[in-house]
Amino acid sequence: MELFDLTALELGERIRAREIGVEEATRACLSRIEAQEGTLHAFITVTAEAALRRAREVQRGIDDGTYTHPLAGVPMAIKDLISTRGVETTCASRMLKGYVPTYDATVVRKLDAIGAVCLGKTNMDEFAMGSSTESSAFGVTRNPWDASRVPGGSSGGSAAAVAAREVFYALGSDTGGSIRQPASFCGVTGVKPTYGAVSRYGLIAYASSLDQIGPIAIDARDAAAVTRLLAGIDPLDATSVDAPPPAMPEGDDLSGLRVGVPRECFADGLNGEVRARVLAVGDALQALGATLVPVELPMLPYAIPAYYVLACAEASSNLSRYDGLRYGFHPEGIEDLHEYYLTARSEGFGAEVKRRILLGAFALSSGYYDAYYDKAQRVRTLIARDFARCFEQADVLLTPAAPTTAYPLGAHADDPISMYLGDIYTVSINLAGLPGMSLPCGFDGDGLPVGAQLIGPAFGESRLFAAAHAYQTHTDFHRRRPPEAGAAKGAKANGEL
Amino acid sequence: MEITEKLVYYVAELAHLRMDEAHVAQAAEDLSKMIGYVDKLQELDTDSVPPTSHANARANVFREDEERESMPREDALANAPQSKDGCYAVPRTVE
C-alpha cells in the first residue's frame, strides 16, 4: 500500500513498527506540499526546517520509548488561529501579520506531548469569519477536487491539506460550521466537539460561546483518536468540562441505535444530489441495525439569524482588543491616540470582519440590545429545546453538512448573506453546544464530494464515531483522494465496496 | 428598520472603525441588508423564554488563590511595536 493511502493511525502503526521512519514520512509530506501548494495554497506558513528537526527528535523518542501514542510521528497541520509558540499566527489577517505567540495553546501542548510533527499553519477565512476561505488576507485556498472551486471555510486550508494528503490530519475550529462544511466540500471527516470538550486556551477568539477546536481527518477512527487527545478539562479555560474522553469506535453493529432524520433538513433549498447521498447514509445505517426515526427541528429557519446576531456581537467584543499597541498591525507616525486606534483597526481588518464587527456593535448598542442581542439569546434557548426534544426520540441525528457541494471561487462575492445560508445545517449545533461531525458520503455528478452530518447530544461523540466508523467500514468514500493538485477532477459516484 | 447614515457613523464610532463619506452609503446598505435578514427573529414570541448565553455554562469556576508564575515581561512586550523601560509605549493621552 502506498504511503498516502494510509490513514493517520495506520501510518502511526507503521512508524511504531519501524516500517516507516518519522523523517521519511515528514519528507514525503513536505514534497507533496511543495508539489501542490502552488495550486492549492492550503498553508499560510510551512515550517519545513523545524518539522524535520522535530521528526528526528520524535524518532529518537519513539526509539527510546518516550512516545508511544498511536499518532506519534504522524505529520499534521494546525489552523492559523491556534497559538504556536515561536511560529507566526496570523488568523489570515493583516491585523496579525508578523505576530509570533509567546505561548502555546493547550491543544498544541497536548500534541507536543505525544510526539506530533507539525508541518505548518493552514489558511482560513480572516478571523474564521467566512465559509469559503476567500476572505484570507493572504490569498484563497483551492479545492483539491477541483481547483476552480472553494474548499469551504473557515478551516478551508486544513480540509484541503488533509484531502490532498499534504498532512494526515489537521486541527480546525468551528464556530458555525467551519470544520464540518469544509470537511464536506473536501471529502474528509471533520468533528466539532461538544462545547467545553476541548480547551480553547490559545485559540484566537471569534465568538467565545460558540468556538470549538476539532480535528479534520481521513476517517472516523483518526478523528476519534485526535478528539480523544485534545479533549479534557483545562484550568486555563473556565468553560472546559471534565468529561470522559470519547471511546474509539470498533465494529459495525449499530443494533439499537436510533437515527433521527429531521424533516426540515431535507426540505427546500437542498441540492437534489446531496439529498440523495445523505438519505443513502440513513439506508446504510439501517442496514447495519440502526432504526430511522422522523424528528422535527421547527426552529431551523431562525438558526442563521440568531447565529449572526450572537456571533457578530461576541466578535465585536472579542476583536476590540486589537488596538495596534501591544501586538499586530500598527500604523506609523500617528501621535493622536484615537486616530491611532482608528487607523490600526480600519487598515488591519478586512471587509468581512469589519462588516461583522459593525453588525455586532449595533446589536449590542443601547436601544437595540433588547430587540437583537437579547432576542437572539432567547431564540438560542428555543433552538436548544428543539434538539432536546429530538434526543428524547433519537440517539443521533442525520442531516446534510451543507446544502450544496463546493461552489466556484467568487460565487458569493457580491452577496454575503447568500453565503451565510450555506451554514443552515451547521450553525444550530454550535448554538446548542452539541457535537457534530461531517463524513464523506459520495460524489455529485461533477465528481465533487458530498458530506453527511451526524449530530449527537452533549458529550455524545462516541455515538457519532461509532455510527461513522460502521458506515466507513462498508464504504470507501473516505479512502478516495483527488489526483495530485494541478491535475484534473476527481472520482465519480458509486463508492460502496 | 431603516439604517440611516447617522446610525452607521455612530456604530462605527462605537467599534473604533473609520467611516467616511466615500464608504458610509455602502456600509449602510450592507448593515441594512443584514439587519433586514436577522429581523426574522421578531416573528417569534419569546417573552416567556429565558435567554441562553452559553450552551453549558459553568458558574463560578475558581482556583486556589496562590502565587504562580506569569508571562515574563519580555515575552509580553515581544510583539509590541514600541516599548520603553519595560512598558508599552503608546501615543500621549494626557497633555
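The values are calculated or read from the model by the stated rules, or taken from the named source; none is laboratory data. What you see is a predicted model, and the numbers here were worked out from it, not measured in a lab. When we count neighbours, we look across all protein chains shown, and the Cβ atoms used for this are built from the backbone with ideal geometry, even at glycine.
Going through region A:407-463 one residue at a time, which ones are in a helix (DSSP H, G or I) and within 24 Å of A:ASP476 (Cβ to Cβ)?
A:GLU461, A:SER462, A:ARG463
Quick check: anything in region A:415-428 within 12 Å of chain B (Cβ to nearest Cβ) and closer than 30 Å to A:SER255 by Cα?
yes
For the list (1) closer than 24 Å to A:ASP323 by Cβ; (2) at the interface with another protein chain (Cβ under 7 Å from one of its Cβ atoms); (3) of a type in the set (A, V, I, L, M), I need the number of the one condition that B:ALA89 fails.
Tallying (1) closer than 24 Å to A:ASP323 by Cβ; (2) at the interface with another protein chain (Cβ under 7 Å from one of its Cβ atoms); (3) of a type in the set (A, V, I, L, M), B:ALA89 fails exactly one: (2).
For region A:60-77, enumerate the residues that are under 23 Å from A:ILE33 (Cβ atoms) and either out of contact with any helix residue (DSSP H, G or I) (no Cβ under 7 Å at 6 or more places or on another chain) or of a type in the set (S, T, N, Q) (or both).
A:MET76
Which condition number in (1) surrounded by 19 or more Cβ atoms within 10 Å (Cβ to Cβ); (2) in contact (Cβ under 8 Å) with a residue 40 or more places away in the chain; (3) within 22 Å of B:LYS33 (Cα to Cα); (4) not aliphatic (A, V, I, L, M) is the one that A:GLU352 fails?
For A:GLU352, the exception is condition (1).
Which condition breaks for B:MET71 when tested against (1) more than 25 Å from A:LEU421 (Cβ to Cβ); (2) facing chain A (nearest Cβ under 8 Å); (3) under 24 Å from the mean Cα position of the chain (by Cα); (4) aliphatic (A, V, I, L, M)?
With (1) more than 25 Å from A:LEU421 (Cβ to Cβ); (2) facing chain A (nearest Cβ under 8 Å); (3) under 24 Å from the mean Cα position of the chain (by Cα); (4) aliphatic (A, V, I, L, M) applied to B:MET71, the lone miss is (3).
State all residues of region A:323-342 that are in a helix (DSSP H, G or I) and facing chain B (nearest Cβ under 7 Å); if no residue qualifies, say none.
Let us first name the residues in region A:323-342 that are in a helix (DSSP H, G or I), namely A:337-342.
Hits for region A:323-342 are A:LEU337, A:TYR340, A:TYR341, A:LEU342.
Given region B:1-94, what helices (runs of 4 or more DSSP H) lie entirely inside it while holding 3 or more residues that are over 25 Å from A:LYS97 (Cβ atoms)?
Because the criterion is at least 3 residues that are over 25 Å from A:LYS97 (Cβ atoms), the helices (runs of 4 or more DSSP H) in region B:1-94 that meet it are B:5-14, B:21-38.
Would you check if A:THR426 is within 22 Å of A:PRO246 (Cα to Cα), of a type in the set (Ser, Thr, Tyr) and out of contact with any helix residue (DSSP H, G or I) (no Cβ under 8 Å at 6 or more places or on another chain)?
no
Quick one: in region A:220-252, which of the residues that are within 11 Å of chain B (Cβ to nearest Cβ) and free of Cβ contacts under 8 Å to residues at least 60 places away in the same chain is surrounded by the fewest Cβ atoms within 10 Å (Cβ to Cβ)?
The extreme case among them is A:ASP242.
Counting just the residues of region B:8-30 that are surrounded by fewer than 19 Cβ atoms within 10 Å (Cβ to Cβ) and under 14 Å from A:ALA363 (Cβ atoms), which one comes out nearest to the other protein chains (Cβ to nearest Cβ)?
For region B:8-30, the residue satisfying everything is B:LEU14.
Which members of region A:15-74 meet the condition of being surrounded by fewer than 18 Cβ atoms within 10 Å (Cβ to Cβ), in contact with a Ser or Thr (Cβ under 7 Å, 6 or more places away or on another chain) and part of a loop (DSSP other than H, G, I, E, B)?
none
Condition first: within 20 Å of A:PRO151 (Cβ to Cβ) and within 17 Å of the chain's Cα centre (by Cα). Now tell me which residues in region A:91-117 satisfy that. Quick ask: steps written out before the conclusion?
Just the residues of region A:91-117 that are within 20 Å of A:PRO151 (Cβ to Cβ), to begin with: A:91-93.
Those that are within 20 Å of A:PRO151 (Cβ to Cβ) and within 17 Å of the chain's Cα centre (by Cα): A:CYS91, A:ALA92.
Can you name every residue in region B:31-41 that is more than 7 Å from chain A (Cβ to nearest Cβ) and surrounded by fewer than 16 Cβ atoms within 10 Å (Cβ to Cβ)?
B:GLY36, B:ASP39
Let's see how each residue does on (1) basic (Lys, Arg); (2) more than 24 Å from A:ALA217 (Cβ to Cβ); (3) crowded, with 24+ Cβ neighbours inside 10 Å:
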position	(1), (2), (3)
A:THR399	no, no, yes
A:ASP414	no, yes, no
A:MET419	no, yes, no
A:VAL427	no, no, yes
A:LEU434	no, no, yes
A:ASP446	no, yes, no
A:PHE459	no, no, no
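Considering only region A:348-371, I want to know if a residue exists there that is in contact with a His (Cβ under 8 Å, 6 or more places away or on another chain) and either of a type in the set (Lys, Arg) or assigned to a helix (DSSP H, G or I) (or both).
The answer is no; no qualifying residue exists.
Any idea which of A:SER320, A:SER366, A:SER316, A:SER346 is more than 8 Å from chain B (Cβ to nearest Cβ) and either under 29 Å from B:ASP39 (Cα atoms) or modelled with pLDDT under 95 (or both)? Walk me through it before giving the result.
Working: A:SER320 fails: more than 8 Å from chain B (Cβ to nearest Cβ); A:SER316 fails: more than 8 Å from chain B (Cβ to nearest Cβ); A:SER346 fails: more than 8 Å from chain B (Cβ to nearest Cβ).
Exactly one of A:SER320, A:SER366, A:SER316, A:SER346 is more than 8 Å from chain B (Cβ to nearest Cβ) and either under 29 Å from B:ASP39 (Cα atoms) or modelled with pLDDT under 95 (or both), namely A:SER366.
Being in contact with an Asp or Glu (Cβ under 7 Å, 6 or more places away or on another chain) and either within 22 Å of A:ALA224 (Cβ to Cβ) or among the aliphatic types (A, V, I, L, M) (or both) is the filter here, so list the residues in region A:198-214 that pass it.
We begin by selecting, within region A:198-214, every residue in contact with an Asp or Glu (Cβ under 7 Å, 6 or more places away or on another chain); these are A:199-203, A:205, A:207-209, A:212, A:214.
Scanning region A:198-214 gives A:SER199, A:ARG200, A:LEU203, A:ALA205, A:ALA207, A:GLN212, A:GLY214.
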